[in-house]
Amino acid sequence: NYEEKLLSGSGDKTIKLWDLHTKKLIKTFEGHRGLIFNITFNQDGTEFLSASWDATVKRWDVETGKCLATYNFDKFSPFSISYTPNDLYFLTGTLGKKMELWEMDTKEKVKDWVGHSHITQSLVWNKSKSKIISASWDYSLRLWDWKTGLQVQKFKGHTQKVHKAIFSTDEKKII
């Protein structure tokens, strides 16, 4: 059960899977040539994605430890990463000024989501999985419609980089 597991990514270019109960290392995943920026489990915890300084996203099988796919980015490394609600795509915020939607099976970039003017630090879905909030080093938050990829709202007011945002439990506020 992935809810009892912890993934960690490091500057040593590895990802480690830990057991939360025993606090013991279960497995080490190797394959990136740069530090790991971000990692995320899929919906059922059988796979995860890792975003790295080496300008790749890798898709991993939790059980076998094998890399199932590598997605190569042209110019800017992926920084933040999230599976889409159906696990068929993933969304990244790059070190450039855009977010990119990729199809898992074809390994093709489907669409650029444009709006931020700096790195997108984090991507967080609402409970109903219809919207996503992005936090950026451009001092803003942006709310996006998942189906269209269009920006719904921009929140500006921070005077420094925004690292994270979450939805309140009732989804009426962004914290």
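The values are calculated or read from the model by the stated rules, or taken from the named source; none is laboratory data. What you see is a predicted model; the values in this text were computed from it and never measured. For neighbour counting, all protein chains shown are included, and Cβ atoms are generated from backbone atoms with ideal geometry for every residue, glycine included. Ligands, DNA and RNA are excluded from the accessible area calculation, which covers all protein heavy atoms including side chains. Shrake-Rupley method; radii C 1.70, N 1.55, O 1.52, S 1.80 Å.
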- So which pairs qualify, if the first residue must be in segment 128-147 and touching a residue at least 60 places away in the same chain (Cβ under 8 Å), the second must be outside any loop (DSSP other than H, G, I, E, B), the Cβ gap must be under 8 Å, and the two must be at least 6 apart or on different chains? Trp146/Trp125; Trp146/Lys131; Trp146/Ile132
- For residues that are over 13 Å from the mean Cα position of the chain (by Cα) and under 15 Å from Val124 (Cα atoms), tally how many sit in segment 90-112. 0
- Go through segment 118-175 and count every residue that is within 16 Å of the chain's Cα centre (by Cα) and not in a loop (DSSP other than H, G, I, E, B). 16
- Would you mind finding the one in Asp61, Asp19 that is in contact with a Leu (Cβ under 7 Å, 6 or more places away or on another chain) and among the acidic types (Asp, Glu)? Asp61
- Task: Any chance you could count how many residues in segment 20-37 are out of contact with any Asp or Glu (no Cβ under 9 Å at 6 or more places or on another chain) and either open to solvent by less than 20 Å² (accessible area, probe 1.4 Å) or in contact (Cβ under 8 Å) with a residue 60 or more places away in the chain (or both)?
- Result: 1
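Taking the stated definitions as given, is Phe76 part of a loop (DSSP other than H, G, I, E, B) and either closer than 30 Å to Phe29 by Cβ or aromatic (Phe, Trp, Tyr) (or both)?
Numbers: part of a loop (DSSP other than H, G, I, E, B): yes; either closer than 30 Å to Phe29 by Cβ or aromatic (Phe, Trp, Tyr) (or both): yes.
Criteria met by Phe76.
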- Asp61 is checked against (1) at pLDDT 95 or above; (2) open to solvent by less than 80 Å² (accessible area, probe 1.4 Å); (3) within 16 Å of the chain's Cα centre (by Cα); (4) of a type outside the set (Gly, Ala, Ser) and fails just one. What number does that condition carry? (3)
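State which residue is nearest to Ala165 (Cα to Cα) when the search covers only segment 119-147 and only residues that are open to solvent by 60 Å² or more (accessible area, probe 1.4 Å) and modelled with pLDDT under 95.
Lys127
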- Task: Working carefully through the options Trp102, Trp113, find the one that is crowded, with 16+ Cβ neighbours inside 10 Å, touching a residue at least 40 places away in the same chain (Cβ under 8 Å) and in a strand (DSSP E or B).
- Result: Trp102
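Any residue in segment 3-19 that is in contact with an Asp or Glu (Cβ under 6 Å, 6 or more places away or on another chain), buried (at least 16 other Cβ atoms within 10 Å of the Cβ) and farther than 30 Å from Asp138 by Cβ?
Yes.
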